[in-house]
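Engineer: Below you will find the structure I want to go over with you.
The values are calculated or read from the model by the stated rules, or taken from the named source; none is laboratory data. These numbers were taken from a predicted model, which means no experiment stands behind them. Reconstructed Cβ throughout: ideal geometry from the backbone, glycine too, with neighbour counts over all protein chains shown.
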Amino acid sequence: MRAGGRFAGDYRVTILNDTLPGILAMAKKDAEILVVGPTASMLPDCLFSKGVTMLGEIQVTKADELLDIISEGGSGYHFFGKYAEQNRSFVEDKA
């Protein structure tokens, strides 16, 4: 979550453990809120309607190769652009 040009916190597995609604409720009115992770893009309209302004995810394009890199201790530097792509979704500006 980002507020006032600074990250307000690092919250993990918030969708899975049902803590995201409480975190969103603490956000300032005009906060820029970013949700990132494998479940972030499952229901974008739902998140956008709750005040989230941007979603981030990866799309795996070559699963076997990606798993090989990860099993060898690789990171995004080793697989983005080759075996997975970064995707971002933004809420439409309503102004």
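Engineer: For residue 49, state whether it is exposed (fewer than 14 other Cβ atoms within 10 Å of the Cβ) and closer than 14 Å to residue 20 by Cβ. Before the answer, list the steps.
Structural biologist: Working: exposed (fewer than 14 other Cβ atoms within 10 Å of the Cβ): yes; closer than 14 Å to residue 20 by Cβ: yes.
Yes, satisfied.
Engineer: Give the number of residues within segment 22-33 that are at pLDDT below 85 and either outside any loop (DSSP other than H, G, I, E, B) or touching a helix residue (DSSP H, G or I) at 6+ places or on another chain (Cβ under 6 Å) (or both).
Structural biologist: Of the residues in that region, 1 qualify.
Engineer: Mind counting the residues in segment 40-77 that are over 23 Å from residue 29 (Cα atoms) and of a type outside the set (Asp, Glu)?
Structural biologist: Going residue by residue through segment 40-77, those that are over 23 Å from residue 29 (Cα atoms) are 42, 57-77.
Of the ones still in play, those that are also of a type outside the set (Asp, Glu) are 42, 58-63, 66-67, 69-71, 73-77.
So the answer is 17.
Engineer: Another question about this same structure. Take the residues in segment 54-90 that are surrounded by 13 or more Cβ atoms within 10 Å (Cβ to Cβ) and small (Gly, Ala, Ser), then tell me which one is farthest from residue 32 (Cα to Cα).
Structural biologist: Step by step, filter segment 54-90, then rank; the result is 74.
Engineer: Report every pair of residues separated by at least 6 positions or lying on different chains whose Cβ atoms are under 8 Å apart, first residue within segment 59-78 and part of a loop (DSSP other than H, G, I, E, B), second surrounded by 10 or more Cβ atoms within 10 Å (Cβ to Cβ).
Structural biologist: Final answer for the pair search is 61/83; 61/84; 61/85; 62/82; 62/83; 62/84.
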